[in-house]
Structure formats: structure tokens, C-alpha cells
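The values are calculated or read from the model by the stated rules, or taken from the named source; none is laboratory data. These figures come from a predicted structure and were not determined experimentally. Here the Cβ positions follow ideal geometry from the backbone for every residue, glycine too, while neighbour counts run over all protein chains shown.
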Amino acid sequence: MVNNKTLGLMVLAILLMATVVFFGQRQPDESDGKLGELVLPEMRGSLDKLEQVKLVSSSATASLTRNEDGQWSVDQKGGYPADFSKLASMLDGMSRARYRERKTSKPGNFSVLDLQGVDESSSKAVLVQADAPDMAFALLIGATATGGKGQYVRHPGEVQAWLVDHTIDATADPGDWLDPLVMDVDEEKILGVTETSADGEVLEVSRSKGEDNMTVKNVPEGRELRYPTVANQLARALTNLRLEDVIPRSDADIPEKTATAAFDLADGGRIVAYAWTKNKRYFLTFDSENWKEDDSSPWTAWRYEVTSNVFDKFTRTMADMIKAEKKEKDADQGE
């Protein structure tokens, strides 16, 4: 038998589920003249004129600015390059979005669709503001519809909520807008790598032009490599190198005892990485000498936070290259 308390809880759960279904999946009114119209009709023709995009939530703000050279950067991250593909995808979704269903117009129900105003501390919405000369666009972005079929939105200052036919990936965290790719140097361009630990231990690998594999120098007598191509992993450290976070570089931040990794390139250039840890976080910064791509690579001006897996590629030692030494059996074993 179900007691009264249990029955009451079941009824409450059913009512809550019904509320979500009512506000999130209500059938459209086919007589609504707005259905099928663009939410921001003038935005599509202005995408190439946008100069700034600002994203605001109840807890964060991200400002993206287009520079004179047409490149986008993240203001809160010292002007570091923004992830243009992500920005373009969001703006394209906004400009293409059409009204699919009219939803609630009662402010008390906005929380169901994550469409509370960003001035409310409990709000999960993101206000997107895009500015072009003599024109501005703004839209409050709420939850994604069930099954990813559209997004709930609301025009600022209006109480009518809508379901639109495009998903719009909006976040107000500045770190989410960073271009994650620091650099991408093909391993074939690397002829040698010298990694020096913070304690001064040196690991050196190299290869001649035309050779496929790196050779480890000064392998201890009587020791073997873990596998024949183990040294090649050092040449891949600069391939598809990605960040977690970034701030403008300050050499004062680099500890006196720092691991270094120097990469000698086939074109005669050299890239030097400085690697250190602080408060269980992992950091890299770079210098270069005579590298032909310097002018188009802004990465030397920054301090990058990376994952531990990325960091490990710049701090290898001989112990990582050779097989573990076999321990001699105890002389008395078996006696």
C-alpha cells in the first residue's frame, strides 16, 4: 500500500514534470504570424561589419573585439586571439534562427527555460550583444531544447519567450573563447631537441636531414631504449600544441630554476620552451631564434597554462627514454 506521504511526493513530482513539458514542449499555434520569421532579420547582412561581441551572464563577462587587421581577440585575456570558428558558429546560428514556437510570457516561469535576466544571481542565461556601426543586436540565450532541437531565447526587455530552430552555443567565460591552438610545428621540421631539467639533467636527441627517427645521445652504457622510436615523441611536442589558459608574458613570473626544451629546426631556427609548475598548475612560455615564422606567430608574448600531459612532453629525462634497470635477484633467494 502507498501511504499518504509517498502519494503526495509522487503527485508533486508529476506536477513538476508537467510544468517543464508545458513550458518547454507546448505545441505551436499555427496561426501565429511570427512563426518562421527570422529572430534578428538584419543581423545576417551585418556579420562582416561587427566590431564587438559581448557575452554576459550572472557571474561572468566575455568581450570579443575585432582588431584593425580583422582578427578577433578576447579583451579579458589581454587581447589573445579568439577562437574564430566558435564565434562564427554562434553568430551564424543567431542570424539564421527563426521563431519555431511561442513559449511562456510569465517572468515567474523563465527559470524553467533558463531565461531569467542576467542581473538575477540564479540566472543561467547568457546575454549576447553584437555591435556594428550604426546597428546593434542583442538576444538572451537560454536552455537548449530537448534532443538539441533548437534553443530557448528572449529579446531583452520583452517578456515573451521563444523556441527557435537553431542551437546557439553561448558562454560568458572568457577562457572558453580563446583560440586553443598555440602552434603546430610538424615533427619532420625538428632536427634536434635538448631538454634540460630544473636540476640540470640534460637529454639530447637528434637526426640528420632525411632520416625518419631521432637518436638518443649518451645512452648509459649497458642500458636499452624503451623502444627504437622512443625519441620521436620529443619532436612532436610542438605539434598541435593546445592551451588551457593564457595571460600576457612576464619574465618575472619564470622561476630561476626552470626546465627548458630547445628545438632545432630544419630551416636553421630554434624554439626554446621554458616549463615550470606552480600550485599544481603547469606553465609554458617560449622564445625563438631565426625562425622564419616569427612575424606571423604571436605566441612568444604569452604565458600558457597547459595540461599535465602537454607539460610532460617538455620535461622528459633519460629515465623516460630507457628501460628500467633490472634488479639483481637476492643471492639467498631460493636457498
message: Quick check on residue 224: is it in contact with a Lys or Arg (Cβ under 7 Å, 6 or more places away or on another chain), farther than 16 Å from residue 190 by Cα and not small (Gly, Ala, Ser)?
response: yes
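Take segment 271-290 and flag every residue that is in a strand (DSSP E or B) and touching a Gly at 6+ places or on another chain (Cβ under 9 Å).
Filtering segment 271-290 for residues in a strand (DSSP E or B) gives 271-278, 281-289.
Those that are in a strand (DSSP E or B) and touching a Gly at 6+ places or on another chain (Cβ under 9 Å): 288, 289.
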- request: Please specify each residue of segment 114-149 satisfying the condition of being among the basic types (Lys, Arg) and either modelled with pLDDT of 95 or more or closer than 18 Å to residue 176 by Cβ (or both).
  value: 124
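Among 198, 170, which is touching a helix residue (DSSP H, G or I) at 6+ places or on another chain (Cβ under 7 Å), aliphatic (A, V, I, L, M) and in a loop (DSSP other than H, G, I, E, B)? Walk me through how you get there before you give the answer.
Numbers: 198 fails: touching a helix residue (DSSP H, G or I) at 6+ places or on another chain (Cβ under 7 Å).
The unique qualifying residue is 170.
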Residue among 46, 63, 85, 111 that is among the polar types (S, T, N, Q), outside any loop (DSSP other than H, G, I, E, B) and modelled with pLDDT under 95: 46
message: Given the criterion touching a Leu at 6+ places or on another chain (Cβ under 7 Å) and within 17 Å of residue 285 (Cα to Cα), identify the matching residue among 251, 264.
response: 264
- prompt: Somewhere in segment 239-261, is a residue assigned to a loop (DSSP other than H, G, I, E, B) and more than 25 Å from residue 307 (Cβ to Cβ)?
  reply: no
message: Going through 170, 161 one at a time, which residue ends up being farther than 16 Å from residue 90 by Cα, touching a residue at least 40 places away in the same chain (Cβ under 8 Å) and either out of contact with any Asp or Glu (no Cβ under 9 Å at 6 or more places or on another chain) or not assigned by TED's automatic domain parsing to the domain that holds residue 282 (or both)?
response: 161
message: Looking at segment 289-323 only, could you name the residues that are hydrophobic (A, V, I, L, M, F, W, C) and at pLDDT 90 or above?
response: 301, 302, 306, 310, 311, 314, 318, 319, 321, 322
message: Please go through segment 234-266 and give me each residue that is modelled with pLDDT of 95 or more, closer than 15 Å to residue 195 by Cα and not aliphatic (A, V, I, L, M), ordered by number.
response: 236, 258, 260, 263, 264
task: Inspect segment 202-211 for any residue being of a type in the set (D, E, K, R), free of Cβ contacts under 8 Å to residues at least 12 places away in the same chain and not assigned by TED's automatic domain parsing to the domain that holds residue 60 and give the result as yes or no.
output: yes
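One line per residue, one yes/no per condition, for (1) assigned by TED's automatic domain parsing to the domain that holds residue 233; (2) touching a strand residue (DSSP E or B) at 6+ places or on another chain (Cβ under 9 Å):
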position: 110; (1), (2): no, yes
position: 127; (1), (2): no, yes
position: 135; (1), (2): no, no
position: 144; (1), (2): no, yes
position: 166; (1), (2): no, yes
position: 198; (1), (2): yes, yes
- line: Those residues of segment 146-177 which are out of contact with any His (no Cβ under 8 Å at 6 or more places or on another chain) and buried (at least 20 other Cβ atoms within 10 Å of the Cβ) amount to 152, 153, 154, 161, 162, 163, 164, 168, 170, 172, 174, 177
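When you scan segment 136-154, how many residues do you find that are outside any strand (DSSP E or B) and either touching a residue at least 60 places away in the same chain (Cβ under 8 Å) or touching a helix residue (DSSP H, G or I) at 6+ places or on another chain (Cβ under 7 Å) (or both)?
Taking segment 136-154 first, the residues outside any strand (DSSP E or B) are 145-150.
From the residues that got through so far, the ones that are either touching a residue at least 60 places away in the same chain (Cβ under 8 Å) or touching a helix residue (DSSP H, G or I) at 6+ places or on another chain (Cβ under 7 Å) (or both) too are 145-146.
The total comes to 2.
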query: Is there any pair with a first residue in segment 53-80 that is under 21 Å from residue 249 (Cβ atoms) and a second that is outside any strand (DSSP E or B) and of a type in the set (Gly, Ala, Ser) whose Cβ atoms are under 7 Å apart and which are 6 or more apart or on different chains, and what are they?
result: 73/79
